[in-house]
Amino acid sequence: MNIHEYQAKELLEKFGVATPPGKVASTPEEAEQMARELGGNDLVVKAQIHAGGRGKGTFTNGFKGGVHLCKSPKEARELATKMLGQTLVTHQTGLAGRVVNKVLVAKSAEIAREIYFAILLDRASAAPLIVASTEGGVEIETVAEKSPAKIMREPVDPLAGLQAFQTRKLAKQLAFDSAQLKSASKLFDGLYRTFIACDCSMVEVNPLVVTKKGEVLALDAKFNFDDNALYRHPDVAAMRDIAEEDPREVEASKHGLNYIGLDGNIACLVNGAGLAMATMDIIKFYGGSPANFLDVGGGATEEQVTEAFKILISDKNVKAILVNIFGGIMKCDVIAQGIINAAKTVKLSVPLVVRLEGTNVDAGKKLIAESGLAVIAADDLADAAQKVVKAAGGKK
């Protein structure tokens with residue numbers, strides 16, 4: 001789950017991380033009022049969407065940029081009028097863009113220096129890892145590619161936590177002067193406590209700035225949370241903005257399905273994340289293009305399978321569906337009955353290729369064969385991929 005910048009600021013302030021004062025607005029009138037409450041001058045108005053590159057983005061109404069400095073409440077209102085209700089297109093949103101429903105009005109900072117700072121989960125060490133660079137305010141991927149030596153990595157022992165010597169070490173490596181070491185160390189510590197306490201998978205601050213007055217501030221922050229831990233954080237779960245998410249992914253989550261929409265034309269229904277990725281890979285190998293990742297899990301019910309089919313066919317780009325099931329915990333006859341019921345319920349209008357293997361596979365194949373449905377049976381995964389690519393209209 002992701003959250004908006006203004007929500008990230010609220011979390012950071014809760015853990016004592018220094019950020020510029022700011023308030024969120026949903027209307028131009030609110031933006032003007034917030035600007036007055038913040039002092040009326042030296043402000044910034046920032047469009048709130050779940051995507052980076054807002055400052056360089058373009059609204060579909062022709063207005064340039066989702067981040068603007070302003071000097072008065074009236075100007076804040078004018079900027080909010082141009083942003084709210086409009087679609088902002090950035091390099092991360094794709095051409096479809098995202099509709100801006102809120103803007104953040106905050107005090108602007110006179111920036112002397114920008115730094116990149118992030119805490120994430122390192123799969124290799126199965127522990128938190130701090131990634132930082134003196135090259136803040138730019139795309140970190142570009143820095144990593146062109147100037148990898150400027151990227152600093154500091155692993156954190158998950159039991160001991162971030163130590164004081166590590167925060168001082170990072171502050172020195174990031175070229176903070178002696179007067180700023182204490183503030184920088186405190187900010188790093190606050191970010192780590194936020195990361196752990198909120199069960200985050202990533203906390204990214206870009207830029208972390210040093211102002212001309214010598215203040216150390218988290219200017220912009222992005223959070224990713226471990227969805228499996230959200231039950232422990234109802235306050236964080238309440239921050240979810242489904243308007244920023246793919247409607248199909250929202251619907252899937254309601255039924256306990258793991259779905260991610262892609263831009264291909266072959267829908268996939270698979271039990272198991274690894275098998276789902278292998279299925280998408282082999283579809284690509286044989287010249288097709290997956291329309292989604294869909295893992296129904298090891299214990300899906302007939303009702304879940306039916307809902308999965310409804311989600312798959314809601315994608316108008318889908319030309320064929322591949323069901324690839326390996327029956328372990330999931331019995332093939334149960335999934336077969338679910339496929340039959342789902343196909344009849346949704347009045348399936350695209351070719352359906354089914355590959356079953358594992359527990360009760362013969363019973364499952366028999367059910368499908370006797371169902372009267374025009375199902376294309378496959379013997380193995382390669383056979384299934386070739387058949388579904390052909391059914392979808394051939395190679396792309």
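Observations on the structure shown:
- By average C-beta atoms within 10 angstrom, highest first, the peptides 174-180, 325-331: 325-331, 174-180
- For segment 153-170, backbone nitrogen atoms closer than 17 Å to the point 7 Å from residue 124 Cα along Cα-to-C-beta are found at 153-158.
- Cα-based helix-to-principal-axis angle, 28-37 vs the chain, degrees rounded to 10: 40
- Helix 381-391 and the longest principal axis of the Cα set of the chain meet at an angle near 90°.
- The spacing between segment 11-81 and segment 120-175, judged by their C-alpha centroids, is 29 Å.
- Surface accessible to a 1.4 Å probe, residue 318 within the full protein complex, Å²: 10
- When you count the other C-beta atoms within 10 angstrom of each residue and take the mean per peptide, 345-358, 284-297 line up highest first as 284-297, 345-358.
- Cα long-axis angle, helix 302-313 against the chain (0 to 90 degrees, to the nearest 10): 70
- Theoretical gain in end-to-end length, residue 238 to residue 369 [0.36 nm per residue, Cα-Cα removed]: 42.5 nm
- Mean separation of Cα contacts under 8 Å (6+ apart) over length of the chain, as relative contact order %: 12
- The chain - share of DSSP beta bridges that are antiparallel (%, nearest 5): 75
- For segment 1-143, the solvent-accessible area of protein heavy atoms averages 46 Å² per residue (probe radius 1.4 Å; ligands and nucleic acids excluded).
- Amide hydrogen neighbours beyond the local backbone of residue 225, cut-off 5 Å, H modeled: 201
- Packing-based ranking, highest mean first, of 202-213, 43-54, 236-247 given that Cβ atoms within 10 Å are counted: 43-54, 202-213, 236-247
- Lysines whose Cα lies under 26 Å from that of residue 254, excluding same-chain neighbours fewer than 8 positions away: 102, 222, 310, 316, 319, 331, 344, 347
The values are calculated or read from the model by the stated rules, or taken from the named source; none is laboratory data. Since the structure is predicted, the reported quantities are computational estimates derived from the model, not experimental observations. Note that we place each Cβ from the backbone using ideal geometry, even for glycine, and neighbour counts take in every protein chain shown. Keep in mind that these areas ignore ligands, DNA and RNA; they rest on the heavy atoms of the full protein, side chains included. Shrake-Rupley method; radii C 1.70, N 1.55, O 1.52, S 1.80 Å.
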